[in-house]
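What follows is calculated from the coordinates using simple rules that are stated; it is not laboratory data. Every value quoted in this text rests on a predicted model; they were computed, and no experiment measured them. Here Cβ is always computed from backbone atoms with ideal geometry, including for glycine, and neighbour counts include all displayed protein chains.
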Amino acid sequence: MKTSLSKSALLALIALALVSSVFERVNAPARAQGPAYDLVITNARIVDGSGNPWFRGDVAIRAGRIVRIGRVARDAAAKTIDAHGQILAPGFIDVHTHVESIYSLPSAENFVRMGVTSLVTGNCGSSATDVGQFLGRISEKPLAVNLATLIGHGSVRREVMGADDRAPSADEQKKMEALVEQAMKDGAVGLSTGLIYVPGTYAKTDEIVALARIAGRHGGLYATHMRNEGDKVADAIRESILIGEQAGLPVEISHFKISNKRLWGQTPMTLGLVREARARGLSVTVDQYVYTASSTSLASRLPSWLHAGGFEEAKKRLADKATRERVISDTKDALKRSGFKDYSFAVVASYGPDKSFNGKSIAEITKQVRNKSDITSQIEQMLTMYEAGGASMIYHSMGEDDVKRILQEPFTMIASDAGVRQLDDSVPHPRGYGNNARVLGQYVRNLKLISLEDAIRKMTSLPAQTFGFRDRGLIREGFAADLVVFDEKAIADQATFDKPHQYPLGISYVLVNGSVVLANNQMTEARPGVALRGSGSTETIRSTASRQW
Ligand SMILES: [Zn+2]
């Protein structure tokens, strides 16, 4: 007999079946075949990531998901972690990292020990160009943390037109657009730019708008290391907002700062530009690391025209006496504009040819090598180091009051701008070891600048919402069990600029997709990380359709 159920009755039946199956899953008592839950974290003060005040409760996990929050019977789980009244929060999501080399350090220990469970890489215009292959490797080479990537404009541009200082031809623009489109289909979460770097710096606004439009069409955002973070920072913020407005996608301004001594104290103005854009209905957010120094290449201090065509071309230019003098004079002007009297604010993090330079400022090195302290000698020293392959640097160029003001803004999230760290390798920026702990220890507990709940929100639900990780960043039934347990009275960063290779204190447990990756302050061998693909990904569309939750 042919059934004649009406459409609405059919829908009601389906709904009933779904509700009862969810009910059964969530409230299932200990069955004959074993405990109802894989793991329960008991006796926790839960900060759920929303910004709401903490509450006491247990969290039960099954098959990598949070399945119950509240009171859970002690015998209902195969394993129990007693949090002893410590804070239980969603695992931190670090939206600004540079971990293209993560497959060689799959434990990502420096991140795990900061409580970070998900990373977004591909920032500042630099990413893998084959996003499908990059994210796909996780199945052969499992990671301790979850991984997402942006598609880097600089990497795309380099692939199509090298390091040329010119506008793309129509054909080249089309090729770049095709690469961005493919990357978005392969799971990129958006487009990133690095507009102080080669070759991103050679791109005009319209080139970026066209590429960002494609990222937006596939549900991605635009993350930018702006064209200027110093004397022209306001123009750079306006350009970022304009790109979002014209391309029709959200804007994330990376490592928001003022890197110019003359402009210290101007964050009310720069943050005001973001607020104004938001008031007009544009989605603009920022991220920040909580230190008064940045870290990037030595080359970024030299004029961008020097680098046109690549490193070999730049070396040829420097061999010409007149051109070298022009480089020195342009670099001197830039120093003057930045408000610093010499390069004592510029410290070497890693210099291959002479490791004894690591940890010393350009002023100190110049004194040591040349026995001179004038600016021209310091720039000459920088050029010599650049010609020998360059260096990674730390620039002590920000004001503490600005760092604090940015942190207090509701739309600011916490991100490290760090890579995966090999213990005791060079003298890198301490942010890669301490950033999240520094927020919670220094700015929440010691300075009481923001509340614990707000700080956690900036590390969890705000990044998840901004980057489209729909089932992460909150402690909610059905969400992925990415979790961190820490003692809010003990949490503290230990890494300093002199001794950066030190893990933070006070973080005892970290779980990724329900698996324990840090237990009692010890790393485990678990590698439960998954690729987090953007909503435009064909892979995501497939897997969401087949998923239970
Ligand atoms: Zn950057």
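Taking label points 7 Å from Cα along the Cα-to-Cβ direction, GLU276 and THR376 give a separation of 4.3 nm.
Report the FRET efficiency, 1/(1 + (r/R0)^6), for ARG326 and ASP165, where r is their Cβ-Cβ distance and R0 is 22 Å, rounded to 0.05. The formula returns an efficiency of 0.90 here.
Over all other residues within a Cβ to Cβ distance under 11 Å of VAL510, the charged ones net out to -1, with Lys and Arg as +1 and Asp and Glu as -1. The Cα center of the stretch 367-418 and the Cα center of the stretch 514-529 differ in position by 35 Å.
Among 471-479, 216-224, how do they line up by average Cβ neighbours within 10 Å per residue, starting with the highest? Provide the component values of the computation, followed by the final result.
Working: 471-479: 20.7, 216-224: 23.7.
Ranking, from highest mean packing down: 216-224, 471-479.
Sorted on the mean count of surrounding Cβ atoms within 10 Å across their residues, most packed first, peptides 332-345, 512-525 read 512-525, 332-345. Against the chain, whose longest principal axis is taken from its Cα atoms, helix 170-185 shows a tilt of about 30°.
Phi angles of the stretch 60-77 translate, via the Karplus equation with coefficients 6.51, -1.76, 1.60 and θ = phi - 60°, into HN-Hα couplings of 9, 10, 9, 6, x, 10, 6, 10, 7, 10, x, 8, 10, 4, 4, 8, 7, 10 Hz per residue; Gly and Pro are given as x.
What is the packing order of peptides 248-261, 278-291, 184-197, taking the mean over residues of other C-beta atoms within 10 Å and listing the highest first? All intermediate terms of the calculation are to be shown ahead of the outcome.
Values: 248-261: 22.9, 278-291: 18.9, 184-197: 26.7.
Highest-to-lowest ranking by the protection proxy: 184-197, 248-261, 278-291.
Taking θ as phi - 60° and the Karplus parameters 6.51, -1.76 and 1.60, the scalar couplings of the stretch 213-220 work out to 4, 5, 4, x, 4, 9, x, x Hz in sequence order, x denoting glycine and proline.
Based on the reciprocal of the average 1/r between different C-alpha atoms, the Kirkwood radius for the chain equals 24.6 Å.
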